1. Can you compute the modelled spin-label distance between Glu152 and Asp200, with each label point 7 Å from Cα toward Cβ, in nm?
2. Could you let me know the centre-to-centre spacing of the range 89-129 and the range 164-210, using Cα atoms, in angstrom?
3. Normalise the Cα radius of gyration of the range 73-216 by 2.2 N^0.38 Å (N = residues in it) and let me know the number.
4. For the range 186-199, take each phi angle, set θ = phi - 60°, evaluate the Karplus expression 6.51 cos²θ - 1.76 cosθ + 1.60, and give the result in whole Hz per residue in order, putting x for glycine and proline.
5. Just grab the label-to-label distance for Arg123 and Ala135, each label 7 Å out from Cα along the Cβ direction, in nm (one decimal).
Amino acid sequence: MWRWLINLILKFSSSLFLFNRNISVTGVRFLNETVSILNENLFMRKLILPAIILFISFNVKAQQQNKIPCADPVYRQFDFWAGEWNVFDTKGAKAGDSKISIILDSCVILEEWTSTAVTNGFRYSGKSFNTYNAATKQWQQTWIDNAAGTTEFLRGEGSDGKIILYADKVVGADGKSFLRRLTFTKLSEDKVRQFGERSDDGGNTWKTEYDLEYRRRK
């Protein structure tokens with residue numbers, strides 16, 4: 001009897017494997033056969049049925065644990081920024097180059113920025129890490145550059161084609177704190193606007209720091 005039981009469980013495992021790949025004909029045929037056998041034998045039904053139910057519950061739990069952590073659609077709200085870009089200011093002058101990559105199993109959007117201008121042999125560059133924080137339900141960005149600068153945008157809201165990030169405490173060269181707001185807007189499949197602002201009065205009024213247009217590199 002135990003050999004029959006083992007064979008039954010192995011066969012059921014194989015059919016469940018096929019179910020997970022949408023190949024259900026074999027699984028349905030097997031389940032029908034199993035139900036028929038169990039209906040004819042009360043003892044076997046009492047013995048096998050709990051084992052099958054337990055096996056299914058473990059399989060479902062394993063599938064849930066194997067789900068990609070950042071598969072939720074909210075993580076894809078900022079994907080419009082991905083690509084390689086030539087970046088221009090409002091006067092049409094090239095401001096820099098930017099490469100935006102989706103990394104770490106689609107959990108993080110990495111920005112790699114290099115400015116066009118070179119001042120005293122120094123070319124400004126930096127990187128930012130952008131992600132949706134599931135705990136706070138906020139978009140956030142951490143920016144780090146080669147001028148020893150760091151800005152943390154720990155609040156952010158996303159929608160279709162738009163991301164707005166907020167840095168609540170930025171300390172300037174004069175030691176005073178101010179707010180920063182950074183807005184990304186999808187203009188088309190090949191254009192994105194990045195609009196940076198600051199507020200020195202707690203968010204009552206805002207003034208422009210920069211206004212850039214990303215044009216996808218062909």
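Read-outs throughout are calculated quantities, based only on the coordinates presented, and are distinct from any laboratory measurement. No experiment lies behind these values; they were computed from the predicted model shown. Quick reminder, even Gly has a Cβ in these numbers, built from the backbone with ideal geometry, and neighbours come from all protein chains shown.
1. Reported label-point gap for Glu152 and Asp200 is 2.5 nm.
2. 17
3. On the way: Rg = 15.0 Å, N = 144, 2.2 N^0.38 = 14.5 Å.
Normalised by 2.2 N^0.38 Å, the Cα Rg of the range 73-216 equals 1.03.
4. Once θ is set to phi - 60°, the couplings for the range 186-199 become 6, 8, 6, 5, 10, 9, 9, 9, 10, 10, x, 9, 9, 10 Hz.
5. With each label placed 7 Å out from Cα toward Cβ, I get 3.8 nm.
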